[in-house]
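All remarks here apply to the structure that follows.
The values are calculated or read from the model by the stated rules, or taken from the named source; none is laboratory data. All figures in this text were calculated on a predicted structure; none of them were measured in a lab. Reconstructed Cβ throughout: ideal geometry from the backbone, glycine too, with neighbour counts over all protein chains shown.
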Amino acid sequence: MAGLNKVMLIGNLGTDPEMRYTANGNAVTTFRLACSRNFAGPDGERREETEWFSVVTWNKLAETCSQFLQKGRRAYVEGRLQTRSWDGPDGQRRYRTEVIANTVLFLDRAQAAPLTDEQPLPEHEEAPAPVPEHSE
């Protein structure tokens, strides 16, 4: 039986999206999303806890997120978790768990439109430097 790997987040962008292109010409955009929860501590005092997520979008969705999202904007992100690994300059194995998004919904009133991987985009004018191909 197949497993389930699905993530749904609502939060605010903590960074402006960074878009690059792979050597194969695929657009990839990354950004950090802060998701906070409020709760009462043992003393009854209200507290807030924030989790930070690294989000990766690909192709047309990546281009749209790069064009319309910015630091501080509120967004709904849906996708799957993926952990990648690499060897750091010091020879140590490094790991990063990311949300590979397939849907992004802009929650700010002026931008409330759902986006998916299949949505068409306007032409993008200039391409940032290529980045290594990612497993997607």
task: Just name the residue that is farthest from K6 (Cα to Cα) out of those in segment 78-93 that are at pLDDT 95 or above and surrounded by 10 or more Cβ atoms within 10 Å (Cβ to Cβ).
output: Q82
- request: Could you look through segment 5-59, keep only residues that are among the acidic types (D, E) and outside any strand (DSSP E or B), and pick out the one that is nearest to R73 (Cα to Cα)?
  value: D16
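Which of the residues belonging to segment 60-102 are in a strand (DSSP E or B) and among the small types (G, A, S)?
Matches in segment 60-102: A75, G79, S85, A101.
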task: Count, please, the residues in segment 57-102 that happen to be of a type in the set (S, T, N, Q), within 18 Å of N26 (Cβ to Cβ) and over 10 Å from the mean Cα position of the chain (by Cα).
output: 5
